[in-house]
Amino acid sequence: MSKNVLVYVEFADDKPSKAGLQALGAGCRLARQLGGEAIALIAGADVAGHAAGLGAFGASKVQVAQGEQFRVYSQDGLSRLLAQQADAVQAVAVLTSATPAGKDFMARAAASRKCGLASDCTNLEVEGGKIVATRPVFAGKALVKVAAPGTLWATLRPNVFAVETAGFTAGIEPVSVTFGVGDLRAVVREIVAGAKGKLDVAEAEIIVSGGRGLKDPAGEGKQNWDNLEKLAATIGAAVGASRAVVDAGWRPHGDQVGQTGKTVSPKLYIACAISGAIQHLAGMSGSKVIVAINKDETAPIFKIADYGIVGNVEDVVPALTAAFAEALKA
Ligand SMILES: Cc1cc2nc3c(=O)[nH]c(=O)nc-3n(C[C@H](O)[C@H](O)[C@H](O)COP(=O)(O)OP(=O)(O)OC[C@H]3O[C@@H](n4cnc5c(N)ncnc54)[C@H](O)[C@@H]3O)c2cc1C
């Protein structure tokens, strides 16, 4: 029986994304444990040039699906491709990143093969010869271990799995695809791009998040948000937000952290004037180090914070920025 692990490597800004390379890393380690092969799959209108480079990230084989049908994201196109290639390589596990796109097309691909999907996994291991995935449930309050009777289909939480550094010279295989643009049942008509060069909270190693306590950036909160941006720029962080902030229209939905926003696992999460509602914690409690700044010492965020600063963001954020700038100068 095959022990092949198939990993769909997502692209962002026309190159393999960090989350994609992390999923590939997880796939490589799983394949090693199984004694099988890690096969990377990439798709796009112009991706072939990136295939060889994936060997350096642990892929022993890279399958390339290049064509117009993959120019823009299509749930239909990618789910068909994944299902086709999972069969072709007789994959025991099919993996990709738990990004909005990954969660979307993988569910459909898995269902087309009459399999379930283990979504947003934080660990993969082999126990008694079976692949077992760990995933948080109940807004991160519990973990479940999932095994599949056949092929395990899973999406992996970004920033949890390490990128592989043991490189190979990857063999490259073009994939023949039997459907074209005209066969796709749904097509994306327009993509509204976010700000160019903006660090995405889902991939950032450091996040500075703002809550309702920062107030309206178009009014009395302007200085607070400027201070937050300055702190983020000083330490190379992405700016995140609570839902209260996003609902008020102060920040775009792409910045929202939490149950109905993005799940993040950065090395450092600085929560500024965020109360720590359960729905917010669901998206960030997996952060390695959590710092909370809140003027209310009873705010629930302090229960999960590694470091808590009871104080006013108006004073604490500029003071932190100055201290970081000084420390980073040294
Ligand atoms: C189904 C559902 C899904 C949800 N999904 C999400 C989600 O994905 N993400 C999310 O974040 N929320 C989500 N929520 C909303 C959540 O319940 C909270 O309402 C929200 O997180 C509160 O945002 P906040 O902490 O910014 O605001 P608040 O709860 O109003 O907290 C503001 C905090 O700022 C502090 N503060 C005020 N002024 C200052 C100051 N000057 N200096 C220091 N501290 C100050 C206050 O003490 C307070 O603790 C969801 C709710 C539901 C019902």
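The values are calculated or read from the model by the stated rules, or taken from the named source; none is laboratory data. Worth saying up front: this structure is predicted, and the values here are computed from it rather than measured. Quick reminder, even Gly has a Cβ in these numbers, built from the backbone with ideal geometry, and neighbours come from all protein chains shown.
A few points about this structure:
- Residue check for LEU214: more than 26 Å from VAL160 (Cα to Cα), within 10 Å of the ligand (Cβ to nearest atom), out of contact with any Lys or Arg (no Cβ under 7 Å at 6 or more places or on another chain) and not hydroxyl-bearing (Ser, Thr, Tyr): yes
- Residue selected from the stretch 112-131 under the condition in contact with a Phe, Trp or Tyr (Cβ under 8 Å, 6 or more places away or on another chain) and part of a loop (DSSP other than H, G, I, E, B), by the criterion surrounded by the fewest Cβ atoms within 10 Å (Cβ to Cβ): GLY116
- All of PHE138, PHE105, PHE70 fail the test of being out of contact with any Gly (no Cβ under 7 Å at 6 or more places or on another chain), modelled with pLDDT of 95 or more and of a type outside the set (Ser, Thr, Tyr), apart from PHE105.
- Of the set (1) surrounded by fewer than 20 Cβ atoms within 10 Å (Cβ to Cβ); (2) out of contact with any Leu (no Cβ under 9 Å at 6 or more places or on another chain); (3) in contact (Cβ under 8 Å) with a residue 40 or more places away in the chain, all apply to MET284 but (1).
- Yes/no for ALA170 being in the same structural domain as LYS114 (by TED's automatic domain parsing), within 22 Å of the chain's Cα centre (by Cα), under 30 Å from GLY27 (Cα atoms) and touching a residue at least 60 places away in the same chain (Cβ under 8 Å): no
- Check on ALA241, more than 16 Å from the ligand (Cβ to nearest atom), closer than 24 Å to SER17 by Cβ and either of a type outside the set (Ser, Thr, Tyr) or within 17 Å of the chain's Cα centre (by Cα) (or both): no
- Taking the criterion of being under 19 Å from LYS141 (Cβ atoms) and within 9 Å of the ligand (Cβ to nearest atom), the residues of the stretch 300-330 that qualify are PRO300, ILE301.
- GLY219 out of contact with any Phe, Trp or Tyr (no Cβ under 9 Å at 6 or more places or on another chain) and in the same structural domain as GLY308 (by TED's automatic domain parsing): yes
- Some residue of the stretch 154-166 being surrounded by 11 or more Cβ atoms within 10 Å (Cβ to Cβ) and over 19 Å from the mean Cα position of the chain (by Cα): yes
- Taking the listed residues GLY249, GLY261, GLY219, the one that is near the ligand (Cβ under 7 Å from one of its atoms) and without any contact (Cβ under 8 Å) to a residue 24 or more places away in the chain is GLY261, with no other qualifying.
- Any hit, the stretch 224-232, residues being among the small types (Gly, Ala, Ser) and assigned to a loop (DSSP other than H, G, I, E, B): no
- Members of the stretch 285-297 found to be touching a Ser or Thr at 6+ places or on another chain (Cβ under 8 Å) and either among the β-branched types (Val, Ile, Thr) or more than 9 Å from the ligand (Cβ to nearest atom) (or both), listed by number: GLY286, SER287, LYS288
- Test: residue in the stretch 26-37 that is of a type in the set (D, E, K, R) and within 19 Å of GLN85 (Cα to Cα): yes
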